[in-house]
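See structure below.
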Amino acid sequence: MRDDHDGTAEPAAALDGIRVLDIATLFAGPLAATVLGDFGAEVIKIEHPKGDPVRTHGADKDGIGLWWKMLSRNKKGITLYLGSARGQELFRDLVADADVVVENFRPGTMERWGIGYDELSRINPGLVLARVTGFGQFGPYSRRPGFGTLAEAMSGFAAITGEPDGPPTLPPFGLADGIAGITTAFGVLAALRARDTTGRGQVLDMALIEPLLTVLGPQAIVWDQLGSLPIRTGNRSTNNAPRNTYRARDGRWLAVSTSAQSIAERVMRLVGRPDLVDEPWFASGAQRALHADELDGAVAAWVAERDLDVAMEEFEKAEAAVAPIYTVADIFADPQYTALGTIGRYHDEELGEVRFPGPMFRLSETPGSVRATGPRKGRDTADVLARYGVDPAELDRLRADGVV
């Protein structure tokens, strides 16, 4: 338990007492550390003295990277050049009382610097080293540069995304990195739980190409057992219909899903085609998908005759699965997101008030929180390194030498 300012006790955070060293960049590794930090881990973000690449990635305000502010929340920020002898020495000191290191260098880089897992585990046998790369720590592609785009291409995602007569389509955001980051956070927790039993840490080898393959569903076992490959179907599904996006009279869009048979029946009755429900093929989602043109046509025509709000209201009365197609502006105004507290308001030392999504789920007893946004470069360097004997005079020398 922790004592709050008023003397009352509040539960310790779920990961209180866990210390994470985040030396990763762009984007899966840092996201894993962010998730851990949201639930109470002390995360020390170690970036190159020139600055982490995410500081200049994407949109900025007055030269201040906005993605950094969100991705580096709840992290103490220090600078340290791990390619220098003194930087490596200080890193070993940091590792001695850490629980987790998250890194995403090419395989062999940390070993070349003398801070590979053999050395780090000698210093700290309980250390969990999470290694996030494009292709994993071994195999013929292991030393290739690895980015989420390549994982999205090689996992099968791009091959099944897009219109049937169009090219394979990549997502306009870091899908593979995001999924790998969340998966890495789970892997770290699994390794820490194992440490409770064994007393020893271990290496977590996370390849960006693997989690996304699992998220894509049964295509691997379908290929194995039936020899069939998935095809691009646009917004449609091969498992059910109608399933698509539909444009309302006022130009706005909504999405309909009929994964459940009862919902499919309710949708077709709503749009004035109860006759289709009686067709023998309608009882099977896969068979409905073969008649998607007819089903989509009926739903699209019905939606096109109504403004979005009216169509939504009628769908909801019919207990059909429907949602409007949102932009992020719509998300900020939506009452469900508001009720969940998804978009939080936080104070930033450089930007003032900022708003972005906080922890991705809620724990009833030990909830996560955003305690600080991404720090100024090197904000906590002096405080953190002072724990390991670096006084102000040495800190000045290290700055002059480009070590911090």
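The values are calculated or read from the model by the stated rules, or taken from the named source; none is laboratory data. Predicted model only: the values in this text are computed from it and were never measured. So basically every Cβ, Gly included, is an ideal-geometry build from the backbone, and we count neighbours across all protein chains shown. SASA here: full protein model, heavy atoms, side chains in, ligands and nucleic acids out. Shrake-Rupley method; radii C 1.70, N 1.55, O 1.52, S 1.80 Å.
Applying the set (1) loosely packed, with under 15 Cβ neighbours inside 10 Å; (2) modelled with pLDDT under 95 to Phe332 leaves exactly one unmet item: (2). Being farther than 20 Å from Asn235 by Cα, touching a residue at least 40 places away in the same chain (Cβ under 8 Å) and not acidic (Asp, Glu) holds for only one residue in Phe186, Phe157, Phe135, and it is Phe135. Just the residues that are without any contact (Cβ under 8 Å) to a residue 60 or more places away in the chain, of a type outside the set (Ser, Thr, Tyr) and open to solvent by 40 Å² or more (accessible area, probe 1.4 Å), please, taken from the stretch 43-61. Correct list: His48, Lys50, Pro53, His57, Gly58, Ala59, Asp60.
Working only within the stretch 348-371, note down all residues that are open to solvent by less than 80 Å² (accessible area, probe 1.4 Å) and either touching a Pro at 6+ places or on another chain (Cβ under 6 Å) or hydrophobic (A, V, I, L, M, F, W, C) (or both). Of everything in the stretch 348-371, those that are open to solvent by less than 80 Å² (accessible area, probe 1.4 Å) and either touching a Pro at 6+ places or on another chain (Cβ under 6 Å) or hydrophobic (A, V, I, L, M, F, W, C) (or both) turn out to be Leu351, Val354, Phe356, Leu363, Thr366, Gly368, Val370. Applying the condition of being of a type in the set (A, V, I, L, M) and in contact (Cβ under 8 Å) with a residue 24 or more places away in the chain to the stretch 311-329 and asking which residue is surrounded by the most Cβ atoms within 10 Å (Cβ to Cβ) yields Ala311.
For the stretch 153-192, a residue qualifies if it is within 28 Å of Asp293 (Cβ to Cβ) and either open to solvent by less than 60 Å² (accessible area, probe 1.4 Å) or of a type in the set (Ser, Thr, Tyr) (or both), and the qualifying residues are Gly156, Phe157, Ala158, Ala159, Ile160, Thr161, Gly162, Gly166, Thr169, Pro171.
Scan the stretch 133-152 for residues that are among the polar types (S, T, N, Q) and open to solvent by 40 Å² or more (accessible area, probe 1.4 Å) and the total you get is 2.
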